[in-house]
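First the structure, in the form of structure tokens, and then the observations on it.
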Amino acid sequence: MLTSVRLTRRLPTSLSAMPLLLCLALAAGCNRSAVVPDSDARVNASEKQAQTELIRQQLDLIPPPSKSRYMAVHALTSWENPYLTVQGNMLTLHVTVADANTSDLGVGGILRPVGARRQDLNIRTSDLPGALNAVPQTAWPYGRVVAVEEAHDTPAKARPQVRRNMETAMQLLNDLGIVVYEWNESGNPIK
């Protein structure tokens with residue numbers, strides 16, 4: 001009985017399987033990255049949309065804007081509603097909290113300065129809906145309107161990024177049902 005013996009040159013197992021494993025890993029990685037993030041992106045987008053809709057419903061409790069009141073304001077230092085200063089990498093949300101004392105005695109004086117009630121919050125553009133939702137209703141005396149201005153003294157090379165960030169912020173505000181009152185660089189409102 002003769003048995004045939006086949007002589008083959010054998011590489012160590014780790015080296016012979018390496019090209020095959022590498023191809024399989026790349027193929028599997030490509031397939032997973034195309035399927036998993038796409039479905040994750042859809043889930044995240046739908047969750048974000050649902051959250052934005054919930055925030056919009058809560059902001060709808062604030063009355064509609066009173067155009068006669070906010071159009072009469074000609075300086076952001078006199079602006080009582082929340083307003084945004086848009087920068088290249090963030091937004092600054094300026095909020096003036098309503099005075100807890102309803103008396104007219106001493107308003108704006110040394111004992112009740114307006115600046116003491118103003119808060120400046122640096123936020124990411126994506127956090128704008130949540131930040132606006134956290135602003136108390138008493139801080140919206142003009143109704144659902146937000147003044148938006150570009151940061152002053154922005155370098156020329158940063159202006160395109162600031163403008164893109166401004167457009168994103170304005171789109172978010174529109175999605176939330178908030179009227180945008182845009183201010184230009186000289187501090188005068190754009191009508």
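Quick notes
- Among residues of region 126-166 being hydroxyl-bearing (Ser, Thr, Tyr) and open to solvent by 20 Å² or more (accessible area, probe 1.4 Å), the one that is modelled with the lowest pLDDT is Thr154.
- Residues in region 167-187 that are modelled with pLDDT of 90 or more and surrounded by fewer than 12 Cβ atoms within 10 Å (Cβ to Cβ): 2 in all.
- Pair list, Cβ < 6 Å and 6+ apart or interchain, from region 126-148 residues that are farther than 23 Å from Ala50 by Cβ to residues that are among the acidic types (Asp, Glu): Pro141/Glu80; Val148/Glu182
- Selection from region 51-78 of residues that are more than 17 Å from Met170 (Cβ to Cβ), hydrophobic (A, V, I, L, M, F, W, C) and surrounded by 10 or more Cβ atoms within 10 Å (Cβ to Cβ): Leu54, Ile62, Met71, Ala72, Val73, Ala75
- The residue of region 81-111 that is modelled with the lowest pLDDT, among those that are open to solvent by less than 50 Å² (accessible area, probe 1.4 Å) and of a type in the set (A, V, I, L, M, F, W, C), is Ala98.
- Of all residues in region 64-100, those satisfying the criterion of being touching a residue at least 60 places away in the same chain (Cβ under 8 Å) and in contact with a Pro (Cβ under 7 Å, 6 or more places away or on another chain) are Glu80, Asn81.
- Of all residues in region 112-125 being open to solvent by 80 Å² or more (accessible area, probe 1.4 Å) and assigned to a strand (DSSP E or B), the one that is modelled with the lowest pLDDT: Gln119
The values are calculated or read from the model by the stated rules, or taken from the named source; none is laboratory data. Since we're looking at a predicted model, the values are computed, not measured. We place every Cβ from the backbone using ideal geometry, glycine too, and count neighbours over all the protein chains shown. To get the accessible areas, we keep the full protein, side chains included, count just its heavy atoms, and leave off ligands, DNA and RNA. Shrake-Rupley method; radii C 1.70, N 1.55, O 1.52, S 1.80 Å.
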